[in-house]
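Below is one structure, written out as structure tokens, with a few remarks after it.
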Amino acid sequence: MTTYPLSDADREIQERARRFVDDELIPWELHAEEHGGQIPEEEHRAHEAKARELGLSGMNLPKELGGGGFTTLQQVLVSEQIGRVTNALGWCVHTPAEWAPEVMTDEQIERWLKPAIRGERSECYAITEAGAGSDVDAIQATARRDGDEYVLAGEKMHVTSFNRADHIFFQAKIVGGDHAGEHAMFVVDKDTPGVRLVREPRYTHTYPDTHAIVAFDDVRVPASQLIGAEGDGMSFTYAWFRYERLMIAARCCGAAERLIEEATAFAKERVQFGQPIIENQAISHMLADSLTELWAARLMTYRLAENIDAGADVKIQHAQCSMAKLYASEMAGRVADRAVQIFGGRGYMRENVAERFWREVRVDRIWEGTSEIQREIVADQLVKRGAQALAG
Ligand SMILES: Cc1cc2nc3c(=O)[nH]c(=O)nc-3n(C[C@H](O)[C@H](O)[C@H](O)COP(=O)(O)OP(=O)(O)OC[C@H]3O[C@@H](n4cnc5c(N)ncnc54)[C@H](O)[C@@H]3O)c2cc1C
């Protein structure tokens, strides 16, 4: 399937994920697009069950907790395949917070993490606010200790999957005490009094998951729902960013591969002026550029995954995750744009795969840190560590 040297076990996992996407998910893609991202609930449940049965959901968590215990490279191989289909369907593969086992208490693991791995519960992340996007440190949400409880207050936006989730990771700044002004992360059940849906705006893509604006009106939670210690909150967010940036890079490679395959097939078959349009260099060179860029992004992403598996320095990981996300997301954007062009008028129709990906990959340059912020991170590390450490 790829020319990259993979072990038999890695290739088996890659093929397992590919078959799932091809046989179970892609056939529902058009239906989902035409029904607001929705497919019949029993089908969605069947996809979730199949993703668990295949060992894909929870692949990022240890076997002792019921996860798949996949290596980072194996997770990348799976995410890449998932990227070949719309997220409206691909998100049936759940990967609960990878950083959680090391920092959650036994009680938290039993109550939230293990059920999430089993597919009985699901989470969402409430970090971004109206005044705090790229600048996460600007959050104004607060957590005030009151006896054995914390009182949480603030308003969050872009909370992805709030409609499907039953608990929320909520980031706030501590008010009062030794850690005043520092970040802290809490796990909050969605049905806790004071958690209030403000509204669910519509976005460019057609997903069944919403990105909600959510208010926390003096939500009281037991102190045992603080994750780690006061002051630790940002470190969990950084770990989450690293994981998601790598997996976004992988999904972008999958999206690009699908688009190149579909656009090539179309260009070979579509006849204008008496010949297939691929006979025109203007068309074939767009595909050549796309394939070349995909290869570069894929090599970068796989190599980074191997570096992480080999225990690379976390700061190097952080910068390399930024580089992979930056390059792969911008690559996917260019590939999608070219694919729309190759399909011509058909590429502008909602029923066309290129049109869908063209809209969907746009956000990969925004969420989990914009391209501009990735460049800031890379440049900062370049100055501190030098080119050899980051790209040698
Ligand atoms: C569909 C979607 C889902 C999301 N899901 C979640 C979620 O589940 N949970 C969550 O907490 N958040 C979520 N987010 C938020 C996301 O992480 C932020 O949108 C992102 O980090 C950018 O923040 P912002 O939108 O406020 O843009 P801003 O920070 O306001 O940036 C606006 C522009 O200014 C640029 N800019 C800002 N600072 C600099 C700088 N220093 N140098 C150069 N340029 C700069 C940015 O690159 C951008 O082009 C989601 C966003 C979207 C669109």
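If we scan segment 147-168, do we find a residue that is hydrophobic (A, V, I, L, M, F, W, C), under 16 Å from Leu226 (Cβ atoms) and within 12 Å of the ligand (Cβ to nearest atom)? Yes - at least one qualifying residue is present in segment 147-168.
Residue-by-condition table, conditions (1) open to solvent by less than 30 Å² (accessible area, probe 1.4 Å); (2) free of Cβ contacts under 8 Å to residues at least 60 places away in the same chain:
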| residue | (1), (2) |
| --- | --- |
| Ala51 | yes, yes |
| Leu54 | no, yes |
| Thr72 | yes, no |
| Gln81 | yes, no |
| Trp91 | no, no |
| Ala100 | yes, no |
| Met104 | yes, no |
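Here is a check on your reading of the model: is Glu230 outside any helix (DSSP H, G or I) and among the charged types (D, E, K, R)? For Glu230, the condition - outside any helix (DSSP H, G or I) and among the charged types (D, E, K, R) - is met.
Scanning segment 109-121 for residues that are in contact with a Ser or Thr (Cβ under 8 Å, 6 or more places away or on another chain) and surrounded by 19 or more Cβ atoms within 10 Å (Cβ to Cβ) turns up Ala116, Ile117.
Please verify whether Gln317 is away from the ligand (no atom under 16 Å from the Cβ), free of Cβ contacts under 8 Å to residues at least 60 places away in the same chain and open to solvent by 20 Å² or more (accessible area, probe 1.4 Å), treating the condition exactly as stated. Taking the combined requirement at face value, the residue does not satisfy it. Within segment 157-176, the set of residues being in a loop (DSSP other than H, G, I, E, B) and closer than 19 Å to His211 by Cα comprises Ser161, Phe162, Asn163, Arg164, Ala165, Asp166. Taking first residues from segment 291-303 that are within 19 Å of Thr264 (Cα to Cα) and among the aromatic types (Phe, Trp, Tyr) and partners that are in a helix (DSSP H, G or I) and modelled with pLDDT under 95, no Cβ contact under 9 Å between residues at least 6 apart in sequence or on separate chains turns up. Can you confirm whether Ala332 is away from the ligand (no atom under 16 Å from the Cβ), within 17 Å of the chain's Cα centre (by Cα) and open to solvent by less than 60 Å² (accessible area, probe 1.4 Å)? It is false that Ala332 is away from the ligand (no atom under 16 Å from the Cβ), within 17 Å of the chain's Cα centre (by Cα) and open to solvent by less than 60 Å² (accessible area, probe 1.4 Å).
Here's a check for you: in segment 344-367, which residue that is among the charged types (D, E, K, R) and open to solvent by less than 50 Å² (accessible area, probe 1.4 Å) is farthest from Met157 (Cα to Cα)? Here the residue is Glu355.
Of the residues Glu330, Glu355, Glu293, the single one that is under 27 Å from Tyr125 (Cβ atoms) and of a type in the set (Asp, Glu) is Glu330.
When Thr192, Thr206 are screened for being more than 10 Å from the ligand (Cβ to nearest atom), in a loop (DSSP other than H, G, I, E, B) and crowded, with 20+ Cβ neighbours inside 10 Å, only Thr206 passes. So, in segment 137-156, of the ones that are in a loop (DSSP other than H, G, I, E, B) and not small (Gly, Ala, Ser), which residue ends up surrounded by the fewest Cβ atoms within 10 Å (Cβ to Cβ)? Among them, the one singled out is Asp148. Scanning segment 87-125 for residues that are of a type in the set (Val, Ile, Thr) and under 12 Å from the mean Cα position of the chain (by Cα) turns up Val93, Thr95.
Against the condition among the aliphatic types (A, V, I, L, M) and assigned to a loop (DSSP other than H, G, I, E, B), how does Ile26 come out, does it pass? No; evaluated as a whole, the condition is false for this residue. Restricting Val363, Val353 to residues that are in contact (Cβ under 8 Å) with a residue 12 or more places away in the chain, within 26 Å of Thr160 (Cα to Cα) and within 16 Å of the ligand (Cβ to nearest atom) narrows the list to Val363.
Checking each residue of segment 98-107 against the condition of being touching a helix residue (DSSP H, G or I) at 6+ places or on another chain (Cβ under 9 Å), among the hydroxyl-bearing types (Ser, Thr, Tyr) and either over 26 Å from Asn352 (Cα atoms) or part of a loop (DSSP other than H, G, I, E, B) (or both) gives at least one match.
Taken over segment 368-385, the residue count meeting the criterion of being open to solvent by 20 Å² or more (accessible area, probe 1.4 Å) and either more than 9 Å from the ligand (Cβ to nearest atom) or without any contact (Cβ under 8 Å) to a residue 12 or more places away in the chain (or both) is 9.
The values are calculated or read from the model by the stated rules, or taken from the named source; none is laboratory data. What you see is a predicted model; the values in this text were computed from it and never measured. FYI the Cβ positions are ideal-geometry reconstructions off the backbone, even for glycines, and counts take in every protein chain you see. In case anyone asks, the SASA skips ligands and DNA or RNA and just uses the protein heavy atoms, side chains included. Shrake-Rupley method; radii C 1.70, N 1.55, O 1.52, S 1.80 Å.
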